[in-house]
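Everything below concerns the one structure shown next.
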Amino acid sequence: MPTLDDVYRKFGEVSEAAQLLETELGSKLMFHAFVEKGISPTSLQVVDQKAAADLLSGINRQTLGQLIKNPPQQNLWVDSGSGRRPNV
């Protein structure tokens, strides 16, 4: 029979895996959004800092479930707080 300590340990392991998945998905979405918008994802200097910040903010506002369920165009461009497309 598993102990309470075992249950907490497994919960921590699963939570970490979910967080890593969410981070990886967000990174991939951000990379492709930057490329699509003509922003170099590998450059340390961003020409349009507002556009880059809006893209990052839109991706960061979404949960893992929202990132998975929404089509890519909505994931990248819809401001989930207001439901509208940001000016990028």
**Q.** Cross-link partners of K37 among lysines (Cα-Cα below 25 Å; sequence separation of 8 or more within a chain)
**A.** K28, K50, K69
Q. Starting at 0 and stepping by 10 Å, how many percent of the alpha carbon pairs of region 4-77 end up in each bin?
A. 18, 42, 23, 12, 5, 0
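Where a number appears in this text, it was derived from the coordinates with a stated rule and is not lab data. As the structure is a prediction and not an experimental result, all values here were calculated from the model.
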